[in-house]
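One structure is given here, and the rest of the page talks about it.
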């Protein structure tokens, strides 16, 4: 059955869900529908909850006071089930200022049990339950109202099978002695820094290894300014200035408003107020002493061959353990380990014992 809770007057309908949770071992399946194409923060449109045999679609756009829903999602005694939780957690954190805990992510658990790292919900449902879910509403604009019966059914199905997936995957993790690994990995999902961006750290999502010291600090300053503008106006950062134009400003380092306008970095209307701001950032940026990005030289052919051999070791371990290869380590992880002989990812926690130490030993045995 699918229920739509859509009005403030119906908020009392949420209260019985707490009692229902107590009768279903305190487990709730959760999914969200949102829109983020035109805003900086994703706009939460719908929250789907699966409790027992029932699915509830909560129209958050029609409910002014979300405190009851927040209380349910943040209840520490209730286990929240997600598939590919990171986007949902980001949206819920932006909406409520808190992260729901504890959670179980069926995509992550499936990766520990040999599925592809990015296996989709429908594919996992079919693999475990044999049910084939339709994809007819996958491109729905969830801000539009009213929602059709077909849209509600589609949304409800996104939580309908999470409990079955959780039960099966939890058993597989236990049978394969991977519960501790999974538990260690899911804890990283609770780091709020992953779901919020400090403008002063916005430069880290960009690449600047081949820039001069002065250019690196200018890129950092412009990235911080752009992020602050996007946050203040709640628009995508690319609507302020695209990445490629940001680099144009850094490389050209214009000294007048006319020179900035000539780069066509900003829209015709927004240029009137963004051009003076950008010029002020350029003129006021001071250069530090330490490089913000390391200069990365291309690997030589022999070095690439070594990294390929390391990747083969990861692939072999992946097959032996029946675990997603990307979960163990990516090519980027391997190249970082090769270059620096250290890795926060591969040489910490469960990966250190499973694969990291083996890769380091392999590197030590290589001829100088």
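A short reminder: the numbers here are calculations on the coordinates, not readings from a lab. For clarity, every value in this text was computed on a predicted model and none was experimentally measured. Methodologically, a virtual Cβ is constructed for each residue, glycine included, from the backbone with ideal geometry; neighbour enumeration extends over all protein chains shown.
Note on the chain: antiparallel DSSP beta bridges, both residues inside, total approximately 55 percent of the bridges counted. Largest GNM mean-square fluctuation across 163, 232, 84, computed for the chain with C-alpha springs under 10 Å, falls on 232. Run lengths n ≥ 4 of DSSP H only: what is the helix-derived mean residue ellipticity at 222 nm for the chain, with -39500 (n - 2.57) per run over all residues, to the nearest 500? Result for the chain, helices only: -14500 deg cm²/dmol. Could you list the residues of segment 111-137 with an amide nitrogen less than 20 Å from a label point located 7 Å from the Cα of residue 171 in the Cα-to-C-beta direction? It comes to 111-115, 123-132, nothing else. For a quick check, take a GNM of the chain with Cα springs below 10 Å and name the residue from 131, 241, 78 with the largest mean-square fluctuation. Evaluated over the chain, the most mobile residue of the options is 131.
Ordering of 199-206, 224-231, 104-111 by packing is 104-111, 224-231, 199-206, highest average first (other Cβ atoms within 10 Å, averaged per residue).
From the square roots a ≥ b ≥ c of the eigenvalues of the alpha-carbon gyration tensor of segment 92-205, which class results: rounded (a/c under 1.5), prolate (a/b over b/c), or oblate? Taking the square roots of the gyration eigenvalues as a ≥ b ≥ c, segment 92-205 is oblate. By its C-alpha gyration tensor, with a ≥ b ≥ c as the square roots of the eigenvalues, how is the chain shaped: rounded for a/c under 1.5, else prolate for a/b larger than b/c, else oblate? Oblate is the answer for the chain, as a/c is 1.5 or above yet b/c matches or exceeds a/b. If the chain linking residue 143 and residue 262 were pulled fully straight, counting 0.36 nm for each residue of separation and taking away their Cα-Cα distance, it would gain 39.0 nm. Note on the chain: GNM, Cα springs under 10 Å; of 126, 48, 216, the largest mean-square fluctuation is that of 126. Taking the average, over residues, of other Cβ atoms within 10 Å as the packing measure, peptides 320-327, 295-302 rank 320-327, 295-302 from highest down. Here the translational diffusion coefficient of segment 180-305 follows from Stokes-Einstein with Rh set to the Kirkwood radius across Cα pairs; for 37 °C and 0.692 mPa s it amounts to 199 µm²/s.
Placing a pseudo-label 7 Å from each Cα along the Cα-to-Cβ vector at residue 179 and residue 86 gives an inter-label distance of 2.7 nm.
Rounded to the nearest 0.05, the FRET efficiency derived from the C-beta distance between residue 75 and residue 191 at R0 = 22 Å is 0.60.
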